[in-house]
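*Asks:* Let me begin by handing over the structure; questions about it come next.
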Amino acid sequence: MDFSLTEEQLWIKQAARDFTIRECLPGVIERDERQQFPRDQLLKLADLGFMGMMISPDYGGAGLDAVSYVLAMEEISKIDSSVSVSMSVNNSLVCYGIEAFGTESQKQKYLVPLAKGRKGDQLYIGAFLLSEPEAGSDATSQKTTAVDKGDHYLLNGTKNWITNGKSASVYLVMAQSHSGKGSRGINAFIVEKETPGVSVGAKENKLGIRGSDTHSVSFTDVMVPKENKIGEDGFGFTFAMKTLLGGRIGIASQALGIASGAYELSLKYAKERKSFGTEIKNHQIIQFKLADMATRIEAARLLCMKAAREKDQKMDYAVSSSIAKVFASETAMWTTIEAVQIHGGYGYVKEYHVERLMRDAKITQIYEGTSEVQRIVISRSVLK
């Protein structure tokens, strides 16, 4: 399998790196401490075409491949995962879901501004609403209801842990319309945030990705037009699962970037920090830590690329995306812990960045399918 990059892909990688150093690195520690949503950074990212990277230019997107998306996600996640998670959700969940399964009118009305990332001078992004207080990994247990009222659906319920919960203009909402049918009774809807009856809860005070907007979203007798349903009746659960496959590539790439960022900081520190009369890079224990970091990161990168290539070639990438996500997220957690250890006491100090990367790494093992869920997917495949 050829993983050599095209000139365009190399340009995307460099553009993402330049953008992140110029726009995301300044103030990243302060945004983390204040839990400040990176609105300005996302608007500038939208101007680069990175909020709808894989969407057809016919609908306002950049028309790039999934490999380019992986490259951009890695570079941005090296420095600011609060930016990259908003980018990931908008790209691989919201935009992809509407382009792949929406009607032409839905695409014209919602996908075009979502892929551009803005409407006029305002940020225009989406959120994916699946998780609930009693429906995390068990996504079939939807308590949010959407009752058919003839010319509209009446939506009631609460969604938890919603990335872009407050800042999104558009929600993709999964809700139960036929309780007796279980997962086959779930529908997916496009809901505008400003619709009467929609309310957003307080921002969650999180361990990591603290700048990211994570909120609960509640619906009280929200009227959703019939034309905002995605797909046929009962398609909602299938829609969610198919959409999350691409989301796993995005989060795997985010985890890869977090690991890569921690490694680059550790390598730089090892060349500068002295102990026992020499730079710590000359101590074998540090050399071995760096060697193990480089090895695991390279393996994670190849797994992400493989899943992205399979997606680009319209192959079945369900297992590949699960393998990439579970390995990359565990690599991120392990690498960032080692990065703090290499930095010693300085690793525990915010200004050296690695403690933030360690905090950011943990969520990659949880959201868009926990490591345990990924192992269920993988084990079912190998045991066929």
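*Asks:* When Phe276 is evaluated against the numbered criteria (1) touching a Ser or Thr at 6+ places or on another chain (Cβ under 8 Å); (2) at positive phi; (3) not hydroxyl-bearing (Ser, Thr, Tyr), which criterion, by number, is the only one it fails?
*Replies:* Among (1) touching a Ser or Thr at 6+ places or on another chain (Cβ under 8 Å); (2) at positive phi; (3) not hydroxyl-bearing (Ser, Thr, Tyr), the lone unmet condition for Phe276 is (1).
*Asks:* Lys116: at pLDDT 95 or above, basic (Lys, Arg), more than 23 Å from Ile190 (Cα to Cα) and within 18 Å of the chain's Cα centre (by Cα), yes or no?
*Replies:* Numbers: at pLDDT 95 or above: yes; basic (Lys, Arg): yes; more than 23 Å from Ile190 (Cα to Cα): no; within 18 Å of the chain's Cα centre (by Cα): yes.
Spelling it out, it is not the case that Lys116 is at pLDDT 95 or above, basic (Lys, Arg), more than 23 Å from Ile190 (Cα to Cα) and within 18 Å of the chain's Cα centre (by Cα).
*Asks:* Sticking with this structure for a sec: With respect to Lys306, is the statement that it is under 30 Å from Val147 (Cβ atoms), of a type in the set (Lys, Arg) and either out of contact with any Phe, Trp or Tyr (no Cβ under 6 Å at 6 or more places or on another chain) or exposed (fewer than 15 other Cβ atoms within 10 Å of the Cβ) (or both) true?
*Replies:* Working: under 30 Å from Val147 (Cβ atoms): no; of a type in the set (Lys, Arg): yes; either out of contact with any Phe, Trp or Tyr (no Cβ under 6 Å at 6 or more places or on another chain) or exposed (fewer than 15 other Cβ atoms within 10 Å of the Cβ) (or both): yes.
No; evaluated as a whole, the condition is false for this residue.
*Asks:* Could we say that Phe50 is part of a helix (DSSP H, G or I) and outside the structural domain of Ser329 (by TED's automatic domain parsing) here?
*Replies:* no
*Asks:* Next question, about the same structure. From Ser86, Ser56, grab the single residue that is closer than 17 Å to Gly165 by Cα and polar (S, T, N, Q).
*Replies:* Working: Ser56 fails: closer than 17 Å to Gly165 by Cα.
Exactly one residue qualifies, and that residue is Ser86.
*Asks:* Just to check your reading of the model, which residue among Ala299, Ala332 is aliphatic (A, V, I, L, M) and farther than 15 Å from Arg248 by Cα?
*Replies:* On the way: Ala332 fails: farther than 15 Å from Arg248 by Cα.
One residue alone meets the criteria, Ala299.
*Asks:* Can you find, within the range 98-118, the residue that is nearest to Leu42 (Cα to Cα) among those that are of a type in the set (Lys, Arg) and touching a residue at least 12 places away in the same chain (Cβ under 8 Å)?
*Replies:* Here the answer is Arg118.
*Asks:* Just to confirm my filter: which strands (runs of 3 or more DSSP E) fall fully inside the range 130-240 and include at least 1 residues that are free of Cβ contacts under 8 Å to residues at least 40 places away in the same chain, under 28 Å from Gly120 (Cα atoms) and outside the structural domain of Cys24 (by TED's automatic domain parsing)?
*Replies:* Correct list: 186-192, 198-200.
*Asks:* Report the residue count in the range 8-38 for those that are under 17 Å from Gly49 (Cβ atoms) and without any contact (Cβ under 8 Å) to a residue 24 or more places away in the chain.
*Replies:* Total meeting the criteria: 6.
*Asks:* Given the residues Thr163, Thr158, which is the only one that is out of contact with any Pro (no Cβ under 6 Å at 6 or more places or on another chain) and surrounded by fewer than 24 Cβ atoms within 10 Å (Cβ to Cβ)?
*Replies:* Thr158
*Asks:* Also, quick follow-up: Give the range 207-249 a look and list any residue that's more than 21 Å from Asp138 (Cα to Cα) and within 15 Å of the chain's Cα centre (by Cα), or say none.
*Replies:* Of everything in the range 207-249, those that are more than 21 Å from Asp138 (Cα to Cα) and within 15 Å of the chain's Cα centre (by Cα) turn out to be Gly208, Ile209, Arg210, Gly211, Ser212, Asp213.
This table checks each residue for (1) under 27 Å from Thr243 (Cβ atoms); (2) among the aromatic types (Phe, Trp, Tyr); (3) touching a helix residue (DSSP H, G or I) at 6+ places or on another chain (Cβ under 9 Å).
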position: Tyr269; (1), (2), (3): no, yes, yes
position: Ala294; (1), (2), (3): no, no, yes
position: Ala308; (1), (2), (3): yes, no, yes
position: Asp312; (1), (2), (3): yes, no, yes
position: Met315; (1), (2), (3): yes, no, yes
position: Ser321; (1), (2), (3): yes, no, yes
position: Ala324; (1), (2), (3): yes, no, yes
position: Glu330; (1), (2), (3): yes, no, yes
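*Asks:* Take Leu43 and tell me if it is closer than 13 Å to Ser68 by Cα, among the aliphatic types (A, V, I, L, M) and either surrounded by 13 or more Cβ atoms within 10 Å (Cβ to Cβ) or not assigned by TED's automatic domain parsing to the domain that holds Thr163 (or both).
*Replies:* no
*Asks:* Which of the residues belonging to the range 122-135 are over 21 Å from Thr220 (Cα atoms) and either modelled with pLDDT under 95 or under 20 Å from the mean Cα position of the chain (by Cα) (or both)?
*Replies:* Selection gives Leu123, Tyr124, Ile125.
*Asks:* While we're looking at this one, here's another question. Just to be sure I understand, how many residues within the range 177-192 are farther than 16 Å from Tyr110 by Cβ and surrounded by 24 or more Cβ atoms within 10 Å (Cβ to Cβ)?
*Replies:* The qualifying residues number 2.
*Asks:* Here is a follow-up. Go through the range 343-367 and count every residue that is more than 19 Å from Arg301 (Cα to Cα) and crowded, with 24+ Cβ neighbours inside 10 Å.
*Replies:* 2
*Asks:* Then there's this: Determine which single condition Phe3 fails, assuming it passes every other condition in (1) over 27 Å from Phe101 (Cα atoms); (2) modelled with pLDDT of 95 or more; (3) not basic (Lys, Arg).
*Replies:* Looking at each condition in turn, Phe3 falls short on (2).
*Asks:* Taking the conditions exactly as written (assigned to a helix (DSSP H, G or I) and either over 18 Å from Ile258 (Cα atoms) or among the hydroxyl-bearing types (Ser, Thr, Tyr) (or both)), does Gln106 satisfy them or not?
*Replies:* Details: assigned to a helix (DSSP H, G or I): yes; either over 18 Å from Ile258 (Cα atoms) or among the hydroxyl-bearing types (Ser, Thr, Tyr) (or both): yes.
Yes; evaluated as a whole, the condition is true for this residue.
*Asks:* For the structure I just gave you, tell me whether Tyr317 is in contact with a Lys or Arg (Cβ under 6 Å, 6 or more places away or on another chain) and modelled with pLDDT of 95 or more.
*Replies:* Numbers: in contact with a Lys or Arg (Cβ under 6 Å, 6 or more places away or on another chain): yes; modelled with pLDDT of 95 or more: yes.
It is true that Tyr317 is in contact with a Lys or Arg (Cβ under 6 Å, 6 or more places away or on another chain) and modelled with pLDDT of 95 or more.
*Asks:* Pairs under 8 Å by beta carbon, first residue closer than 13 Å to Ala324 by Cβ in the range 283-311, partner crowded, with 17+ Cβ neighbours inside 10 Å and of a type in the set (Asp, Glu), six or more apart or different chains?
*Replies:* Close Cβ pairs (under 8 Å, with a partner that is crowded, with 17+ Cβ neighbours inside 10 Å and of a type in the set (Asp, Glu)) amount to Arg301/Glu74; Cys304/Glu74; Ala308/Asp65.
The values are calculated or read from the model by the stated rules, or taken from the named source; none is laboratory data. Given the structure is predicted, the values throughout are model-derived calculations rather than measurements. Positions of Cβ are backbone-derived with ideal geometry, glycine not excepted, and every protein chain shown enters the neighbour counts.
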